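Report on one structure; see the data block that follows.
What follows is calculated from the coordinates using simple rules that are stated; it is not laboratory data. Just so it is clear, the structure is predicted and the values come from calculations on it, not from any experiment. Positions of Cβ are backbone-derived with ideal geometry, glycine not excepted, and every protein chain shown enters the neighbour counts.
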Amino acid sequence: MSLAVCVRCGNSKVGAFTPCAGCGLDPAAHGTERELQARSVFLTDRYLPGGELEEMGRRIREGEPVTYDAGLLAQITEELRTQKLPIVSKVPAGLSIVVWTVVGVLLALAVGFLLMSRLRGP
């Protein structure tokens, strides 16, 4: 995960698409607002070294104007728009695997108990 800054309030957070603990902004919930998502991706340590990212956060918190690199935002927006799979998921991949594993085990146990009860007869 990368370090990020909320585009609305300037609070620090982990990951561009993580909901902000400060103001509640959830860039992932705005699936069609690619400009908002692109700004969220831009305000990460992937594009801004630590000091610059902290400065952007400070400026947003203090209500100062923030400028974004228009060319880079356009590039990020296009990358988001052309994603074949969603760039964000509400559930981390590891959790999804765990959930489906548990479901599979429970289903196998249920089938096993049904078969055992039928084999025993009335």
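Given only helices, namely DSSP H runs of n ≥ 4 each adding -39500 (n - 2.57), what is the per-residue ellipticity at 222 nm of the chain, to the nearest 500 deg cm²/dmol?
-16500 deg cm²/dmol
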- If you take the beta carbon distance between ALA21 and GLU62 as r and set R0 to 22 Å, what does 1/(1 + (r/R0)^6) give as a FRET efficiency, to the nearest 0.05? 0.70
- Just rank PHE113, PHE42, PHE17, fewest to most, by other beta-carbon atoms within 10 angstrom. PHE113, PHE17, PHE42
- In which sequence would VAL103, VAL5 go, from the one with the fewest C-beta neighbours within 10 Å to the one with the most? VAL103, VAL5
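With Kirkwood's inverse mean 1/r over C-alpha pairs for Rh, give me the Rg to Rh ratio of the range 1-47, two decimals please. Don't skip to the end; give the middle numbers.
Numbers: Rg = 9.2 Å, Rh = 10.1 Å.
Rounded to two decimals, Rg over Rh is 0.91.
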- Selected from SER40, THR67, THR82, residue furthest toward positive end of dipole (the range 18-85; charges at beta carbon): THR82
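If exposed means no more than 16 neighbouring beta carbons inside 10 Å and the site is in a DSSP loop, what's the longest run of the chain without any exposed GluC sites (Glu not before Pro)?
On the way: sites that count: GLU33, GLU62.
Between exposed loop sites, the widest span is 63-122.
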- Item | Inter-label distance for GLN83 and ARG120, nm, one decimal - labels placed 7 Å from Cα along Cα-to-Cβ | 5.0 nm
- Note on the structure: Going residue by residue through the range 55-67, the Karplus relation 6.51 cos²θ - 1.76 cosθ + 1.60 with θ = phi - 60° gives ³J(HN,Hα) values, rounded to whole Hz and with x marking Gly or Pro, of 5, 4, x, 4, 5, 5, 4, 8, x, 6, x, 10, 10
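For an R0 of 25 angstrom, estimate the FRET efficiency from the Cβ-Cβ distance between GLN75 and CYS9 and round to the nearest 0.05. Can you show the working numbers first?
Working: r = 25 Å, r/R0 = 1.02.
My answer for the efficiency is 0.50.
Using the Cα centre as the reference, give the magnitude of the dipole from point charges on the C-beta atoms of the range 3-88 (Lys, Arg: +1; Asp, Glu: -1; all else neutral), rounded to the nearest 20 debye. Let's see the in-between values first.
Working: 10 positive and 12 negative charges, 47 e Å.
That gives a dipole near 220 debye.
Semi-axes of the equivalent ellipsoid for the chain, please: Cα gyration tensor eigenvalues, times 5, square-rooted, ordered largest first, whole Å. Please list the in-between numbers first.
Details: eigenvalues 413, 47, 24 Å².
In descending order the semi-axes read 45, 15, 11 Å.
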- What FRET efficiency would be calculated for the residue pair THR32, PHE113, taking the C-beta separation as r and a Förster radius of 41 Å, to the nearest 0.05? 0.35
